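These notes are about the structure you will find just below.
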Amino acid sequence: MKNDKVNRKIKYTKMVLKESFIRLLKSKDISRITITEICEEADINRATFYAHYKDQYDLLKQIEQELVDDINRYLANYSFHENGSESLQLMEQIFEYIKENSEVCSVLLSESGDKNFQREVLSIVQHQCITEWTRKNVNKDIAEYLYSYATNGSIGIIQRWLREGMDRSTMEMAELILKMTDQGLSAFV
């Protein structure tokens, strides 16, 4: 029973530190954020911070790793070898996840976010997409170019959607990305 209470306390402390850090990242570059600021924002003392993290960069890496782990768990439940409705369902679920985690996603996926992290997130689905496209008789080299085009464009679309307050539904966004990937500009003219 005592262990459960300690675990809940640790989870709560980490959650408060992460939320405070994300709020600070919205207005400041990570290099200008101090541990003192994070602790004041979270109403946690510095010793408690250092019990969990080495510094603000370690905190950011742990937040990013949690997001990557979540995405991997999310994608593990889907098959990329199904029909188009499965792709639409998957894409909508990704947008739902982004919406549910909009605070952290708006910071991590922003134009000023960590590009290495963004590439890591994109590489999670790279193999599945390229395998699917080559199965549809697309040359592997062309599939890799197509993947680069689609993912970089998708990040731009996600960034705009987050900036504009997620003004369109997750289904609309999923359909938009899939139409653009599958049909290009001809889907809209």
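Nothing in this text is a laboratory measurement; each read-out follows from the coordinates by a stated rule. Fair warning: this is a prediction, and the values are worked out from it, not measured in the lab. Here Cβ is always computed from backbone atoms with ideal geometry, including for glycine, and neighbour counts include all displayed protein chains.
What's the longest piece of the chain with no exposed GluC sites (Glu not before Pro), counting a site as exposed if DSSP puts it in a loop and it has at most 14 other beta carbons within 10 Å? Please list the in-between numbers first.
Details: sites that count: Glu82, Glu111, Glu164.
Formally, the longest exposed-site-free interval is 1-81.
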Which labelled figure in [x] 135, 37, 25; [y] 57, 38, 31; [z] 56, 36, 25 is Cα extents along the principal axes in Å, once derived from the coordinates:
[y]
Among the aspartates and glutamates, which have Cα under 19 Å from the Cα of Lys136 when same-chain residues fewer than 8 positions away are ignored?
Glu82, Glu86, Glu144, Asp182
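How would Arg73, Arg168 line up from fewest to most surrounding beta-carbon atoms within 10 angstrom? All intermediate terms of the calculation are to be shown ahead of the outcome.
Details: Arg73 9, Arg168 13.
Ascending number of Cβ neighbours within 10 Å: Arg73, Arg168.
Normalising by the residue count of the chain, find the relative contact order in percent from Cα pairs under 8 Å and 6+ residues apart. Intermediate values should be presented prior to the final figure.
Details: 102 pairs, mean separation 37.0, N = 189.
Computed value for the chain: 20 percent relative contact order.
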For the chain, whose charge dipole is built from +1 on Lys and Arg Cβ atoms and -1 on Asp and Glu Cβ atoms, the candidate among Cys105, Cys129, Asn45 with its Cα farthest towards the positive end is Asn45
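Here is the link list: Lys5/Lys99; Lys5/Lys115; Lys115/Lys140; Lys5/Lys26; Lys61/Lys140. Which ones come out longer than 27 Å on Cα distance?
Working: Lys5/Lys99 30 Å; Lys5/Lys115 38 Å; Lys115/Lys140 25 Å; Lys5/Lys26 32 Å; Lys61/Lys140 33 Å.
Too far apart for the 27 Å limit: Lys5/Lys99; Lys5/Lys115; Lys5/Lys26; Lys61/Lys140.
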When Thr36, Thr181 are ordered from fewest to most other Cβ atoms inside 10 Å of their Cβ, what list results?
Thr36, Thr181
May I ask you to sort Asp114, Asp29 by Cβ crowding, counting other Cβ atoms within 10 Å and putting the fewest first?
Asp29, Asp114
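In deg cm²/dmol, rounded to 500, what helix-only [θ] at 222 nm does the chain give when every DSSP H run of at least 4 residues adds -39500 (n - 2.57) and the total is split over its residues? Present the calculation step by step, with values, prior to reporting the outcome.
Numbers: 9 runs with 143 residues, N = 189.
Helices in the chain give a 222 nm mean residue ellipticity of -25000 deg cm²/dmol.
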Rounding to the nearest 20 debye, state how big the charge dipole of the chain is about its Cα centre with +1 on each Lys and Arg Cβ and -1 on each Asp and Glu Cβ.
540 debye
